[in-house]
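Some notes on the structure that comes next.
The values are calculated or read from the model by the stated rules, or taken from the named source; none is laboratory data. Nothing here was measured: the structure is a model prediction, and the numbers come from that model. All Cβ positions, glycine included, derive from the backbone under ideal geometry; neighbour counts span all protein chains shown.
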Amino acid sequence: MGKNIIIAGAGHGGLTAAYHLAKSGYTVTVYERAAQESDLGYEWEDFFDARTFDEAGLPNPETGKIPKVPISFYGPNPDDPPIRQTFADGEVEMHMYRKELYAHLIRVVSEAGVKIVFGCTVYAPILIGSRIVGIQTSLGDFTGDLVIDACGVDSPLRTNLPAYLGIQKTLKKYEYLYAYRAYFNRLEGFDDVQNEYKTYFVDDGKDGLCWAVTTEKTVDLLVARFEPFGQDEIDRMFKIFKADNPHLGEELVLGGQVTKIPLRHPLAVLVADGYAAIGDSACMTVPIAGSGIANSLRAGKLLADAILSDINEEYSATTLWKYQKAFYDKIGDSMATIDMARMFLLNMKKADFEFFFGNDILSSEDLSFNTNETSAKEMFSHFSPSVIIDKLKKVGGNRSLIRRLGVVAVRIGRLKLITSRMPETYSREAVSKWAEKYERLFAETQIK
Ligand SMILES: Cc1cc2nc3c(=O)[nH]c(=O)nc-3n(C[C@H](O)[C@H](O)[C@H](O)COP(=O)(O)OP(=O)(O)OC[C@H]3O[C@@H](n4cnc5c(N)ncnc54)[C@H](O)[C@@H]3O)c2cc1C
């Protein structure tokens, strides 16, 4: 083989891998659908972990680090006070306009020698036998020694792979969200209204996520649902937001489109001969929050390390398995655990949320985790045995909740056992068997 690497789609993780590989002398070309650099990314700002660039081995941007913004969680009953996160002084996170993040990434990869072909839509993989050897695109066919799939949640590469490779092609209901995000003007005359990041549990947990973030000049709205939705639902939610945020204006300032976010455990199998999936294409978002920038960038470094250590330039499932193992060891196991918590939340009813908020069961410390956290251990580190016992005493009267919490605790134990038994080396048969067990565990939870 050689050192000719194709990155399909300018996803964040693909660009990170591209940076490291180009710096090590590989020929790296990104094929991106957007017509030009300024079309990359979205018209909004994102939060992610401040350690990300260092961990991904990328140069840090000059701006973006801000003190951590606490989120206030509002329950369905307006009489219950919100639970507000608290962070220690000095804790920081990244807050960047997505187009600025892209400008930074494109600058560093271009300086490293990566070539980017804009206006090129990838249609499908090209295979010889069971090896992926290139891509079919709107600009013709391109071949390479390895194809990195950074095409996002609906990747046409992943969805067109032969089933026998064992990589999940399509996502099921409750494994992704449709998200509407829009910035509206903040009305004048509400000087006493504080800037606040409000997350609401207005309906049953299974309905999705929503937030209203008030800043100096705008109110940033998110409505995310597991079913496609239209203007009616946006209007209904707008009224709910407006009732609680009278300073919300009607002038659309930025955004206003619906996009998809994968929200599940990472794919069971990330690699095949000549192929590796990364970022949203491999479902690497934090399953409770939908944040995927940090994990994609970190995974890009892990993928590049595996490729660089493949001194025979095989880029086979066997040599790329090192990436899969490193990803699950450092990130994936934790994401899968967090997904178990998400599935518990999905089965919560409005009454359960009211019970949690109305009975003082959750405290500010309980919810003061970083929603971009890579480690479930760090995310839930506050839950010491004494904290858990105290909570169980408070939940005591609610037998149904106790039973469901018990079920999820047992499932997390079983998950740990399964992930610890991921094959050490790649063989299609062993990996398929393992992937089946891993997926079956999640399939046991029926969302009602
Ligand atoms: C409303 C919303 C809010 C979010 N907020 C946050 C946040 O605050 N923090 C956070 O960490 N994450 C957030 N995310 C998630 C985050 O956007 C993703 O997890 C992250 O971008 C990683 O995805 P990716 O780079 O793999 O894929 P994408 O961002 O989807 O990038 C894929 C790239 O591939 C290109 N592409 C797609 N198809 C083709 C094709 N056929 N041919 C060629 N090119 C193609 C696309 O144009 C795009 O450039 C949010 C997502 C949404 C929708």
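Tabulated values for the structure
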| read-out | value |
| --- | --- |
| Close pairs from region 246-264: first at negative phi, partner small (Gly, Ala, Ser) and at pLDDT 95 or above, Cβ under 6 Å, at least 6 apart | Leu252/Ala182; Thr259/Ala179; Ile261/Ala179 |
| Test: residue in region 282-300 that is in contact with a helix residue (DSSP H, G or I) (Cβ under 7 Å, 6 or more places away or on another chain), under 29 Å from Arg186 (Cβ atoms) and part of a helix (DSSP H, G or I) | yes |
| Single match in Tyr178, Tyr164 (criterion: at pLDDT 95 or above, under 22 Å from Ala289 (Cβ atoms) and not in a loop (DSSP other than H, G, I, E, B)) | Tyr178 |
| All positions within region 2-13 that are more than 7 Å from the ligand (Cβ to nearest atom) and either outside any loop (DSSP other than H, G, I, E, B) or crowded, with 24+ Cβ neighbours inside 10 Å (or both) | Asn4, Ile5, Ile6, Ile7 |
| Long-range neighbours under 9 Å by Cβ, at least six apart or interchain, first residue closer than 14 Å to Met348 by Cα within region 397-421, second among the polar types (S, T, N, Q) | Asn398/Asn359; Arg404/Asn347; Val407/Thr445; Val408/Thr445 |
| Complete set of residues in region 29-48 that are within 8 Å of the ligand (Cβ to nearest atom) and either of a type outside the set (Asp, Glu) or assigned to a strand (DSSP E or B) (or both) | Tyr31, Arg33, Ala34, Leu40, Gly41, Tyr42, Trp44, Glu45, Asp46, Phe47, Phe48 |
| Residues (within 27 Å of the chain's Cα centre (by Cα) and modelled with pLDDT under 75) located in region 377-426 | Lys377, Glu378, Met379, Phe380, Ser381, His382, Phe383, Ser384 |
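One line per residue, one yes/no per condition, for (1) over 18 Å from Pro78 (Cα atoms); (2) out of contact with any strand residue (DSSP E or B) (no Cβ under 6 Å at 6 or more places or on another chain); (3) surrounded by fewer than 17 Cβ atoms within 10 Å (Cβ to Cβ); (4) modelled with pLDDT under 90:
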| site | (1), (2), (3), (4) |
| --- | --- |
| Asp204 | no, yes, no, yes |
| Cys210 | no, no, no, no |
| Thr214 | yes, no, no, no |
| Asp232 | yes, yes, yes, no |
